[in-house]
1. Within the stretch 126-161, track down each residue that is modelled with pLDDT under 85 and in a loop (DSSP other than H, G, I, E, B).
2. Search the stretch 1-10 for residues being in contact (Cβ under 8 Å) with a residue 24 or more places away in the chain and in a helix (DSSP H, G or I), and hand back the single one that is farthest from the chain's Cα centre (by Cα).
3. Identify, by number, the condition in (1) under 28 Å from ARG110 (Cβ atoms); (2) open to solvent by 30 Å² or more (accessible area, probe 1.4 Å); (3) outside any loop (DSSP other than H, G, I, E, B) that ARG41 doesn't meet.
4. Which of the residues spanning the stretch 1-47 are out of contact with any Gly (no Cβ under 8 Å at 6 or more places or on another chain), of a type in the set (D, E, K, R) and closer than 20 Å to PHE166 by Cβ?
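The values are calculated or read from the model by the stated rules, or taken from the named source; none is laboratory data. Quantities reported herein were computed from a predicted structural model and do not represent experimental measurements. Neighbour counts are summed over all protein chains in view; Cβ atoms, including those assigned to glycine, are modelled from backbone coordinates with ideal geometry. Accessible surface is based on the protein model in full, side chains and every heavy atom, while ligands, DNA and RNA are left aside. Shrake-Rupley method; radii C 1.70, N 1.55, O 1.52, S 1.80 Å.
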Amino acid sequence: EANPDSAGDRNALRDLRSAGFNRISLGMQSASDAELASLGRVHTMEQVRRAVDAARGAGFDNLSLDLIYGLPGQTAEAWRKNLEAAVSLQPEHLSCYGLKAEKGTPLYARRDLLPCEEIQAEMYLETVEFLEANGFLQYEISNFAKPGRESRHNLKYWTLGEYAGFGP
């Protein structure tokens, strides 16, 4: 899993691929630079494109993109454009999460700018329909994949399988 602004080095990605990594997930979040800035993200859509190109050039044939809907001021039309932009990058997998403003976070102070639950529900249903029409199968509430490209990592959680966690 990587942020697009730090995943543009094809040689570093080639090293990961050579080490046995077979899938990369990029935190695209949005195709709109204005939406990204409103979330405090430091990457741009151009950096997403470069990271996708670098990953493909490094030999990754299993690419996932993470998106967030229900952003401050986001319309259903703007969300649809994000979906279209993501699909145009030809990923094998997409994770689409609805934004929730949690108490104690900077976004919580701006929660009145978030689309209401009804609009977020419409965005979710649009996501399911649009991605299905573009060859992505929904296999979890927020995860969609081309046939056979479901994330085994995600499925472990949903099926209550055993897994090992490493890191700080």
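1. If we filter the stretch 126-161 for residues that are modelled with pLDDT under 85, which is where we start, we get 151-161.
Listed by number, the residues that qualify are SER151, THR159, LEU160, GLY161.
2. Our first condition is that a residue be in contact (Cβ under 8 Å) with a residue 24 or more places away in the chain; within the stretch 1-10, this holds for 1-5, 7-10.
If we keep only those that are in a helix (DSSP H, G or I) as well, we get 4-5, 10.
Values: PRO4: 11, ASP5: 14, ARG10: 20 Å.
That would be ARG10.
3. (3)
4. ASP15, ARG23, listed by residue number.
Each row is one residue, and each column tells you yes or no for (1) more than 16 Å from PHE144 (Cβ to Cβ); (2) in contact (Cβ under 8 Å) with a residue 60 or more places away in the chain; (3) out of contact with any His (no Cβ under 7 Å at 6 or more places or on another chain); (4) not hydroxyl-bearing (Ser, Thr, Tyr).
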position	(1), (2), (3), (4)
ASN62	no, yes, yes, yes
LEU67	no, no, yes, yes
ALA76	yes, no, yes, yes
ASN82	no, no, yes, yes
GLN90	no, no, yes, yes
ALA109	yes, no, yes, yes
